[in-house]
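These notes concern the structure reproduced below.
The values are calculated or read from the model by the stated rules, or taken from the named source; none is laboratory data. Note that the structure is predicted; figures quoted are calculated from it, not measured. Every residue, glycine as well, gets a Cβ built from its backbone with ideal geometry; the counts of neighbours run over all protein chains shown. Calculation scope for accessible area: heavy atoms of the full protein, side chains included, ligands and nucleic acids excluded. Shrake-Rupley method; radii C 1.70, N 1.55, O 1.52, S 1.80 Å.
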Amino acid sequence: MVHRTTIDVRFNEIDPYGHVNHSVYVTYFEVGRTDALAACGIPLESMAERGYQLVVTSIEVRFRGAATAGDTLVVETGLGTMRRASGTWNQRILRPGGDCGEQVLVTAEVTAGITDGAGKPTRPPDWLFPALQPLRLEPAS
């Protein structure tokens with residue numbers, strides 16, 4: 001299953017060329033991940049209260065198209081691999097609608113690790129992986 005988050009492009013996110021600045025897409029991906037976690041019942045605030053953090057360790061972004069002012073975008077978020085203390089999120093940003101359907105604008109592979117409240121890598125709590133199961137993507141065949 002993939003979680004979908006809707007985002008409206010704001011004027012301040014537009015660069016001098018008339019499209020969303022490349023750095024803003026990283027923020028959109030963050031909004032998608034935090035929204036997906038909250039939908040699974042584990043908002044970041046709850047994790048912090050329990051003494052855990054999800055920390056991004058790498059992001060690989062590929063640009064395929066540009067969003068512009070006034071666009072409504074959809075951020076799709078799914079969880080690919082889950083390892084002992086990290087996981088890989090697969091995300092994409094789409095422009096929905098039109099006769100051609102949804103257009104993929106940007107994709108990302110984000111690796112995040114789990115740490116304790118002080119930022120030290122740690123094993124995930126027993127409740128985390130079961131809570132993330134709704135976001136698991138099926139392996140490619």
The range 69-94 - residue that is at pLDDT 95 or above and open to solvent by 50 Å² or more (accessible area, probe 1.4 Å) and, of those, nearest to residue 7 (Cα to Cα)
72
Of all residues in the range 113-130, count the ones that are free of Cβ contacts under 8 Å to residues at least 60 places away in the same chain, over 15 Å from residue 57 (Cα atoms) and either open to solvent by less than 70 Å² (accessible area, probe 1.4 Å) or assigned to a strand (DSSP E or B) (or both).
1
Condition met for residue 8 (over 23 Å from residue 114 (Cα atoms), open to solvent by less than 40 Å² (accessible area, probe 1.4 Å) and out of contact with any Asp or Glu (no Cβ under 7 Å at 6 or more places or on another chain)):
no
Mind checking whether some residue in the range 30-44 is closer than 18 Å to residue 136 by Cα, of a type in the set (Lys, Arg) and open to solvent by less than 60 Å² (accessible area, probe 1.4 Å)?
yes
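Scan the range 89-107 residue by residue and report those that are in contact (Cβ under 8 Å) with a residue 24 or more places away in the chain and within 25 Å of residue 56 (Cβ to Cβ).
Once the filter is applied, which keeps residues that are in contact (Cβ under 8 Å) with a residue 24 or more places away in the chain and within 25 Å of residue 56 (Cβ to Cβ), the range 89-107 yields 89, 90, 91, 93, 95, 104, 105, 106, 107.
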State which residue pairs qualify: first residue of a type in the set (Phe, Trp, Tyr) and inside the range 62-82, second residue part of a strand (DSSP E or B) and crowded, with 18+ Cβ neighbours inside 10 Å in any location, beta carbons under 7 Å apart, and separation of 6 or more residues or different chains.
63/106
Output the number of residues of the range 12-63 satisfying the condition of being in a helix (DSSP H, G or I) and not basic (Lys, Arg).
25
Among the residues of the range 12-35, are any closer than 11 Å to residue 93 by Cβ and more than 17 Å from the chain's Cα centre (by Cα)?
yes
Under 19 Å from residue 5 (Cα atoms) and acidic (Asp, Glu) - does that describe any residue in the range 59-67?
no
